[in-house]
Amino acid sequence: MKKLPVVLALSALVAAPLAMAKTVEAVASFTVLADIVKNVGGEHVSVKSLVGPNGDPHSFEPTPKDSQALAHADLVFVSGLGMEGWMDRLITASGYKGQTVIASSGINTRKMEEDGQTITDPHAWNSMQNGVTYATNVMNALIAADPQDAEYFRQRGGDYIEQLKQLDSWAQKSFSAIPQDKRKVLTSHDAFGYFGQRYGVKFLSPVGFSTESEASASDVAALITQLKSEKIHVYFIENQTDPRLVKQIATSGGATSGGELYPEALSARGGSADSYIAAFKHNVNTMINSMK
């Protein structure tokens, strides 16, 4: 039998496992979703977030570099529900032909009237119960894209989903210990509807679902009156929005600052909300501390 030279034999042995290893090149629309993909995908996924830390996913304007990232992606993840209004144009411009995974698929959506129209609330991930759905959809998409690493994704995704379920139970228990009449807060825009629905918190805000909405003078006056009548004493700024309007309303209504919340953008690495889990914990603890 003809023997391979030692160097060639060693090369063959090394190349075999390397050929089996796969890294899914993923692009996610914003930091919360990118972090979920990263946690489920682990070492078999490389993920880029289009909207960066502390960035506003409503008003985001893609660059040519973002188009290039999509062109080279294996998978693109979006939250859906109308949040990424810029994504369809970006996909068309990039020439991306792969699958676009809608992470919110299967969620029971909230709707409300805004400017005479019925609008779907896009901020579903702020309920950790919905976060479980996001992570499950991400896990299934990665398994389909890279079936040879399916068991890895199931194990890692399952562990992560269990963490999210525990956080959901913790938040429910924590808020249930606060009297209902104290579970009221003022925020910059209407991003916590699913959170409020799940954990029994009432949120008021000067603008609607999108940070690009504008509040009229009559809306502001009505909100100030409501703050006083309902005795809402705390307001929160959001890391990705201009805080001036909510501060103005809070001052007129007699509310004081309860701190900063992270409804749709994570902080930079090393910050107090640099992961989906960290941001959720921070938001829950910050609200509860203001209600006690």
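Do we have any residue at all in the stretch 271-291 that's out of contact with any helix residue (DSSP H, G or I) (no Cβ under 6 Å at 6 or more places or on another chain), charged (D, E, K, R) and at pLDDT 85 or above?
Taking every residue of the stretch 271-291 in turn, at least one turns out to be out of contact with any helix residue (DSSP H, G or I) (no Cβ under 6 Å at 6 or more places or on another chain), charged (D, E, K, R) and at pLDDT 85 or above.
Residues that are closer than 26 Å to G80 by Cβ, out of contact with any Pro (no Cβ under 7 Å at 6 or more places or on another chain) and at pLDDT 90 or above: does the stretch 178-191 have at least one?
Checking the stretch 178-191: not a single residue is closer than 26 Å to G80 by Cβ, out of contact with any Pro (no Cβ under 7 Å at 6 or more places or on another chain) and at pLDDT 90 or above.
Hey, any hits in the stretch 47-54 for a residue that's at positive phi, assigned by TED's automatic domain parsing to the domain that holds D159 and crowded, with 19+ Cβ neighbours inside 10 Å?
Scanning the stretch 47-54 turns up no residue that is at positive phi, assigned by TED's automatic domain parsing to the domain that holds D159 and crowded, with 19+ Cβ neighbours inside 10 Å.
Only one of (1) touching an Asp or Glu at 6+ places or on another chain (Cβ under 6 Å); (2) within 18 Å of L266 (Cβ to Cβ) fails for V40. Which number is that?
(1)
Please enumerate the residues belonging to the stretch 69-95 that are closer than 11 Å to V27 by Cα and not hydrophobic (A, V, I, L, M, F, W, C).
Hits for the stretch 69-95 are H72, D74.
If you go through the stretch 105-120 one residue at a time, do you hit one that is surrounded by 24 or more Cβ atoms within 10 Å (Cβ to Cβ) and closer than 22 Å to V45 by Cβ? Quick ask: steps written out before the conclusion?
Residues of the stretch 105-120 surrounded by 24 or more Cβ atoms within 10 Å (Cβ to Cβ): none.
Checking the stretch 105-120: not a single residue is surrounded by 24 or more Cβ atoms within 10 Å (Cβ to Cβ) and closer than 22 Å to V45 by Cβ.
The values are calculated or read from the model by the stated rules, or taken from the named source; none is laboratory data. Since the structure is predicted, the reported quantities are computational estimates derived from the model, not experimental observations. Note that each Cβ is placed from the backbone with ideal geometry, even for glycine, and that neighbours are counted across all protein chains shown.
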